[in-house]
Amino acid sequence: MSATGQPVIVLKEGSSESRGRETQRNNIAAAKLIAEVVRTSLGPRGMDKMLVDSMGDVTITNDGATMLKELDIQHPAAKMMVEISKATDNEVGDGTTSAVVVAGALLQKAEELIDKEVHPVVIVDGYLRAAEKAQKILEDIAEKVDPTSRADLLNVANTSMLTKLVNEDSPHLAGIVVDAILMITEKADKGMKADIDNVKVEKKPGGAITDTQLIRGMVLDKEVVHSGMPKRIAEAKIALINSPLEIEKTEFSAEIRINDPTQMQQFMDEETSILKGMADKVKEAGANVVICQKGVDDLAQHFLAKSGILTVRRVKESDMSKLAKATGARMVTNLDDLTGKDLGYAKLVEERKLEDDKWVFIEGCKNPKAVTILVRGGTQRIVDEAERALHDALMVTKDVVELPAVVSGGGAPEEEVACQLRAWAQKLYGREQLAALKFADAMESVPMTLAENAGMDPIDTQVDLRARHGKDGKWFGVDVMNGKVGDMYAKSIVEPLAVKLQILRAATEAASMILRIDDVIAASKMKAPPTPPGGGGMGGMPPM
């Protein structure tokens, strides 16, 4: 009300506002709900979710990021939890479920403090200080590894896949992942660099997951353009052409006037000779395989087939650049420039039938900097989930190549962080100490969730873990396969340090952001324009 007693309206009609403790409770409850959804899918004993979208398409997965991406979430605070899983997926590829579980636990513990009248800003400050300390603890306890050691990378890839649907075949798939990463790894200014984009993952239902293979080269989901061309060429010399093997139409409209029939024939012969010239140029350069990004004219196909040159057309630009990296060829835009130096090499180029489709395989490249993983599996759903598992494994292997440090799995590093944080928090003054202690409790949510999902007793597990970590057993975690507490590092269950640091940062930032909100102002929804009375007339005018 103003001084004159008139109501002051600031917000648009239909807008709603909720503030104070009620808003915080509402936001925290929404975020905790999201954590509850993904919580049961954490770890090797986690369950899968079946998601059915509005079109009836089914996704079966236990990948945190995929689950939350597929869910149609409305609540704004819950959307923040989806964002941290997306960010973690893009940054390090794994740990998406853990990030959401930790963020949910941080909010739950914060709620307990808010109920005891601790101000949210004090909690946030305590959380940020504790997160900084936790990061240092993780960096101190991490074990250094050799980024080129196949054995170390295999352990990391294997651990990542143990939690997935394909865990039975994880040794086979982990070997493929590590070989792929080692092939595309290059030296950078500081250490090593691996670009995941250089590993193409193609999937095709049929066969078993063990039929998944690594191809030292590329697989193109195209067929050979002409039936008269060879379907298999050994010791291939490959030309990558970026221009159409066709007679291009002029940019502007033009007409040709022909006065007698012989001129017509001349015109046709000229077209034929231009196309034959194109095929001859390819042959002169010494190429026996042509991969073309644009179209190939029927006549050009005929001449190429006569020369015994295998040709594929309309290949994606991304595949062309990967082919250049794999085979060592140089992409040519002008056919006149094509020489023997521009050609790439592959041991074998062959068209093969996969289910109902024909695909071209380019294999056995010398030292390829781009490779393909061809994923097979019993059904489309299994192939999709295997692809998601491979993506995570490729990302964690890349993380270790770029930051060669690992910690053990099974919730051991989280328990160690909690243990050291409790000792450190005793030195803090004021209410921040309470927040730091709650942060330590929240870190324990990871081993506790693993234990619950494996059907173990959470209280016994917690007591056992705290006792082990108090006696310098820093790698003791939840061994879910045997249902007890064990030394996870000795069992070769290891995860990249990069993933753990990202989980810590993402969860703390999301929880802090949600805790700072004390007012939610929602604009009114758009209304449809009112229909004129009587339904007739123009623009609300009475009907004539």
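The values are calculated or read from the model by the stated rules, or taken from the named source; none is laboratory data. Keep in mind that this is a model prediction, so the values were computed, not measured. Quick reminder, even Gly has a Cβ in these numbers, built from the backbone with ideal geometry, and neighbours come from all protein chains shown.
Below is a table of values for the structure above.
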{"item": "Any hit, the range 99-110, residues being under 18 Å from the mean Cα position of the chain (by Cα) and surrounded by 12 or more Cβ atoms within 10 Å (Cβ to Cβ)", "result": "yes"}
{"item": "Unique residue being over 30 Å from residue 477 (Cβ atoms) and in contact (Cβ under 8 Å) with a residue 40 or more places away in the chain when the list is 22, 17, 36", "result": "17"}
{"item": "Which numbered condition residue 189 misses (of (1) out of contact with any His (no Cβ under 7 Å at 6 or more places or on another chain); (2) assigned by TED's automatic domain parsing to the domain that holds residue 150; (3) in contact (Cβ under 8 Å) with a residue 12 or more places away in the chain)", "result": "(3)"}
{"item": "Yes/no for residue 285 being out of contact with any Phe, Trp or Tyr (no Cβ under 8 Å at 6 or more places or on another chain), on the phi < 0 side of the Ramachandran plot, surrounded by 13 or more Cβ atoms within 10 Å (Cβ to Cβ) and not assigned by TED's automatic domain parsing to the domain that holds residue 332", "result": "no"}
{"item": "Test: residue in the range 94-110 that is under 27 Å from residue 400 (Cβ atoms), of a type in the set (Asp, Glu) and in contact (Cβ under 8 Å) with a residue 24 or more places away in the chain", "result": "yes"}
{"item": "Any hit, the range 149-158, residues being within 20 Å of residue 49 (Cβ to Cβ), in contact (Cβ under 8 Å) with a residue 12 or more places away in the chain, charged (D, E, K, R) and surrounded by fewer than 22 Cβ atoms within 10 Å (Cβ to Cβ)", "result": "no"}
{"item": "Residue ranges of strands (runs of 3 or more DSSP E) in the range 160-265 with at least 1 members surrounded by 22 or more Cβ atoms within 10 Å (Cβ to Cβ)", "result": "199-205, 218-220, 232-241"}
{"item": "Check on residue 359, over 29 Å from the mean Cα position of the chain (by Cα), surrounded by fewer than 24 Cβ atoms within 10 Å (Cβ to Cβ) and not small (Gly, Ala, Ser)", "result": "no"}
{"item": "Test result for residue 55, modelled with pLDDT under 85, surrounded by fewer than 21 Cβ atoms within 10 Å (Cβ to Cβ) and not β-branched (Val, Ile, Thr)", "result": "no"}
{"item": "Answer from 310, 338 - the residue that is farther than 18 Å from residue 368 by Cα, surrounded by 14 or more Cβ atoms within 10 Å (Cβ to Cβ), in contact with a Lys or Arg (Cβ under 9 Å, 6 or more places away or on another chain) and modelled with pLDDT under 90", "result": "338"}
{"item": "Which listed residue, of 129, 150, is assigned by TED's automatic domain parsing to the domain that holds residue 63 and on the phi < 0 side of the Ramachandran plot", "result": "129"}
{"item": "Options 517, 503: the member that is buried (at least 20 other Cβ atoms within 10 Å of the Cβ), in the same structural domain as residue 445 (by TED's automatic domain parsing), within 31 Å of the chain's Cα centre (by Cα) and among the aliphatic types (A, V, I, L, M)", "result": "503"}
{"item": "Residue list for the range 292-313, filter: outside any loop (DSSP other than H, G, I, E, B) and among the polar types (S, T, N, Q)", "result": "301, 311"}
{"item": "Matching residues, the range 419-435, being part of a helix (DSSP H, G or I) and either under 16 Å from residue 104 (Cα atoms) or among the aromatic types (Phe, Trp, Tyr) (or both)", "result": "424, 435"}
{"item": "Unique residue being in the same structural domain as residue 287 (by TED's automatic domain parsing), in contact (Cβ under 8 Å) with a residue 40 or more places away in the chain, closer than 30 Å to residue 386 by Cα and in contact with a strand residue (DSSP E or B) (Cβ under 7 Å, 6 or more places away or on another chain) when the list is 222, 237", "result": "222"}
